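Just so you know, all these numbers are worked out from the coordinates, no wet-lab data involved. The shown structure was predicted, so the numbers you read here are calculated from the model rather than taken from an experiment. For neighbour counting, all protein chains shown are included, and Cβ atoms are generated from backbone atoms with ideal geometry for every residue, glycine included.
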Amino acid sequence: MKAKWTQVAWWEYVTKVRTKTFLFSLVVTPIFAFGMMFLPSFFATRPETETRVIGVIDETGVLAPQLDSLLMNRYKLPDGQPAILVRSIPVVSNDLGAAVHKAQQLLSQEKIVGYLIIQPDIFSSGKAEYRSENIGNLRLLDRVESALKDVVMRLRIVDAGINPDVIKKLETPIDLKAVKVTKTGEIEKGDPLQLFFTSFAFLMLMFFLIITTGQMLVRSTIEEKTNRIVEVLVSSAPSTDLMVGKIIGLSGLGLTQVLVWTAIGLFIAMSAHVVTITVWQLLLFISYFILGYLFFAALFVAIGSVLTTEQEAQQWMQYLSMVFAIPLVFAISGIENPNAVVLRVLEFIPLFTPMIMALRIPLNAMPVWEIVGTIFVLSVSVIATMWAAGKVFRVGILIYGKKPSFDEIIRWLRSA
């Protein structure tokens, strides 16, 4: 005869896995997550399709032609046409105001996208001004600034009596390639940008799974408690079996999400030839997820058993979400320095262990003692939290009408 908790776990899993909401989130959530991560980069780096014309008011009288030539040769559209053209707006009789007025007219008529004002002291001050209705095109601004800097530099070099060809050879750019190695010097495959996205994706995946499945656990407990379904369940199965079954069933649900999302992520990564994790790293991630989820699930089911309304559950989930978001604060600095002291301290605090380790796993080879130590701490925390949750769940699940005080919960924990 099957144990009662296995029946509860199977019922919880099958009931939730068949819902349209779960099936929808199984597909839509990873698409949304990958879209949020990669679409901004895609749109930012996609090639331009039309030539942009900028006006140049050049009070020096020598920079505009050279700037035009440099921009035409340096930046091209996919069809070979120049990406940026210069339209010179002359300054007649030293009347800068008239030239600005003319440039403003061209801008309003959409014949230029903006205009550059170059004053005579640019060689000493190094300053110029670009005006446009849209100054958010950072790619255009960067290109114009870079080209103007090079043109001014060339003229400064000529004025100093130095052969510009010599300087050009000296300024040959260096292509620095970052290569990841182990402590033994073995070279590992991995692009820094790919490692960044992989690590960040691991962290966000862990965060979303804990929050979404945690909410599911709390709401399921409160719903059964409010509708008095739990009285029927308790009459047919011990409260401990009921709690363990809930946790195992919804843990299986979370694990299903992890496996499906990981499969989707690996398929996309392999299709794009950007696989940056090993099987060992993947197994570690799944291990931390399982232990972390069991820890949080016990916490969530204990909270759900003492709450009485959906509104209270939402408030508690907001508080917990803020706590769980703490590792996100260290995401960027952690990726830059995965061995930072603050991360190595936080990884031994059970509330943060799964997400901190999810962040560090793809980035570097951690010492064995850290992996063993964090798994041990998390395992002990799971056992302790399960024990405490069982005490709270056994009494709290049958209490209606009022939320128990903190002193009452302590008494439940002390009871035999």
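Annotation: amide H-H contacts under 5 Å for Val53 (H modelled 1.01 Å from N, sequence separation of 5 or more, or interchain): Leu85, Val113.
Of Lys246/Lys391; Lys16/Lys246; Lys111/Lys149; Lys149/Lys169, which ones are farther than 19 Å apart at the Cα? Before the final figure, lay out each step's value.
On the way: Lys246/Lys391 15 Å; Lys16/Lys246 11 Å; Lys111/Lys149 25 Å; Lys149/Lys169 17 Å.
Beyond 19 Å: Lys111/Lys149.
Computed from backbone phi with θ = phi - 60° and the Karplus coefficients 6.51, -1.76 and 1.60, the 3J(HN,Hα) list for the stretch 55-67 is x, 10, 9, 10, 6, 7, x, 10, 7, 4, x, 5, 5 Hz; x is used for glycine and proline. Which FRET efficiency value, to the nearest 0.05, is calculated for Val323 and Glu133 with the Förster distance at 45 angstrom and r the Cβ-Cβ distance? The computed FRET efficiency comes out at 0.50. Approximating the spin labels as points 7 Å out from Cα along Cα→Cβ, the Arg87-to-Arg18 distance works out to 6.7 nm.
Residues Ser251, Ser25, arranged from fewest to most other Cβ atoms within 10 angstrom of their Cβ, appear as Ser25, Ser251.
Report the FRET efficiency, 1/(1 + (r/R0)^6), for Gln7 and Phe267, where r is their Cβ-Cβ distance and R0 is 22 Å, rounded to 0.05. Efficiency computed from Cβ-Cβ geometry: 0.05. Indicate the gyration tensor shape class of the stretch 51-170 (rounded, prolate or oblate), computed on the Cα atoms with a ≥ b ≥ c the square roots of the eigenvalues: a/c under 1.5 is rounded; otherwise a/b larger than b/c is prolate and the rest oblate. In terms of gyration-tensor shape, oblate.
Would you mind ranking Ser124, Ser146, Ser132, Ser381 by Cβ crowding within 10 Å, fewest neighbours first? Intermediate values should be presented prior to the final figure.
Working: Ser124 8, Ser146 14, Ser132 17, Ser381 20.
Neighbour counts put them in this order, fewest first: Ser124, Ser146, Ser132, Ser381.
Placing R0 at 30 angstrom, the Cβ-Cβ distance between Gln311 and Leu259 gives a FRET efficiency of 0.30 after rounding to 0.05. Scoring 51-59, 342-350 by mean Cβ neighbours within 10 Å over their residues and listing the highest first yields 51-59, 342-350. Exposure proxy ranking for Asp95, Asp79, Asp150, based on other Cβ atoms within 10 angstrom of each Cβ and starting from the fewest, stands as Asp79, Asp95, Asp150.
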